[in-house]
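The values are calculated or read from the model by the stated rules, or taken from the named source; none is laboratory data. Because the structure is predicted, anything quoted here is derived from the model rather than measured. No Cβ is skipped: glycine too gets one built from the backbone with ideal geometry, and neighbour counts run over all protein chains shown. Keep in mind that these areas ignore ligands, DNA and RNA; they rest on the heavy atoms of the full protein, side chains included. Shrake-Rupley method; radii C 1.70, N 1.55, O 1.52, S 1.80 Å.
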Amino acid sequence: MKVAFVGKGGSGKTTLSSLFVRFLADRGLPVVAVDADINQHLGVALGLDEGRAAKIPAMGDHLPRIKEYLRGANPRISSAAAMVKTTPPGAGSRLLRLRGDDPIHALGEDVDGVTLLATGPFNDDDLGVACYHSKTGAVELYLNHLVDGPGEYVVVDMTAGADTFASGLFTRFDLMFLVAEPTRKGVGVYRQYTEYARDYDVAIAVVGNKVQGDDDVAYLREHVGDDLLTWLGQSAAVRALEQGRHGVPLEVGNERALARMLAAVDARDKDWDKYQRQAVEFHVKNARSWANRAVGEDLEAQVDPGFRLAPAR
């Protein structure tokens, strides 16, 4: 299953992403974690020191190589340079498996059994001339070509705020966990997300964070209703991890919240036809709005109408 963590800046989405990834890995489940946040803090949250985390190869810096590999022998794609972030797979494209031997997963860093991929931070060359979508485009291509199987998980820590909706990336997930503090700003982001996602059948579950008591839970229920899946409270274990100390067990209530989140992910039905249909829809939209002009080709011709993604076995 493909899972995203979203929310406003400072809500704790990177912390919850890392807790959920650890929860999966501790149960022996195959998991790829993707740091797609402009701040690039997921590696440290998973326990890497800052120096090691900074050395993870950036997917955004390897985009030409990623495109060339995924293009494969697809005759509808004239060149790797003609691929854009929304280019969907077709006959001849190389598809990815979660535990496959490919140059994309090879960019990852093993962190206690988790494969950690990183989009990379903004650097001096990007400032003033590029937007962060030039980095997250690598993630969109990765997810478009990934055929995940039963019991396999990709967890993406997305950039903060509603910027997730600036491309079709938000449709690439089986479930989006929206991390919300019990505050007006916290639930305000929820209203933004549900408004944007309304027409695309995107599943959103709210996870309350920094909850201090029943009043906070009641506040979240009042504003998000049945979309409130679970909540986590203040955690001495999380504080210890943030201070570089290990071995402090997660509180029972917070552990149960993670179990509810995993159960919600596993309960989702996988609709491969919808997945491909939405990929094509956003590719056509991007082609008509900017990509045809930028590349100098009719990129709608990249769509293979007879192609269907099939589940991994």
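Kindly provide the helix-only [θ] at 222 nm of the chain, computed as the sum of -39,500 (n - 2.57) over DSSP H runs of four or more divided by all residues, to the nearest 500 deg cm²/dmol? Before the final figure, lay out the partial values.
Values: 11 runs with 110 residues, N = 313.
-10500 deg cm²/dmol, from helical runs alone.
Identify all lysines with a Cα-Cα distance to K67 below 24 Å; exclude those on the same chain that are fewer than 8 residues away in sequence.
Straight-line reach from K67, under 24 Å: K2, K55, K85, K135, K274, K285.
Per the 1.4 Å probe, what fraction of the accessible area of the chain, in percent, lies on carbon and sulfur atoms? If you can, show how the numbers build up before the last one.
Numbers: 6670 of 13960 Å².
Result for the chain: 48 percent of the exposed heavy-atom area is carbon or sulfur.
Counting residues in the range 193-278 as N, plug N into 2.2 N^0.38 Å and put the Cα Rg over that result. Before the final figure, lay out each step's value.
Numbers: Rg = 16.3 Å, N = 86, 2.2 N^0.38 = 12.0 Å.
Ratio of Rg to 2.2 N^0.38 Å for the range 193-278: 1.36.
Looking at the chain, what % of its DSSP beta bridges pair antiparallel, to the nearest 5?
Working: 3 of 33 bridges.
Antiparallel bridges make up about 10 percent of those DSSP assigns within the chain.
Give me log10 I(q)/I(0) at q = 0.14 Å⁻¹ for the chain, Debye formula, one equal scatterer per alpha-carbon, no solvent.
Log-scaled intensity ratios, in q order: -1.08.
Can you give the charge dipole size of the range 18-105 about its Cα centre, rounded to the nearest 20 debye, using +1 on the beta carbon of Lys and Arg and -1 on the beta carbon of Asp and Glu?
Values: 12 positive and 9 negative charges, 83 e Å.
Charge dipole, the range 18-105, about its Cα centre: 400 debye, nearest 20.
Rounded to two decimals, what is Rg over Rh for the range 15-102 when you use alpha-carbon atoms and the Kirkwood radius?
On the way: Rg = 16.1 Å, Rh = 15.3 Å.
Across the range 15-102, the Cα-based Rg/Rh ratio is 1.05.
Would you mind getting the accessible area per residue of the chain, heavy atoms of the protein chains only, 1.4 Å probe, in Å²?
On the way: 13960 Å² over 313 residues.
Spelled out: the 1.4 Å probe surface of the chain, per residue, equals 45 Å².
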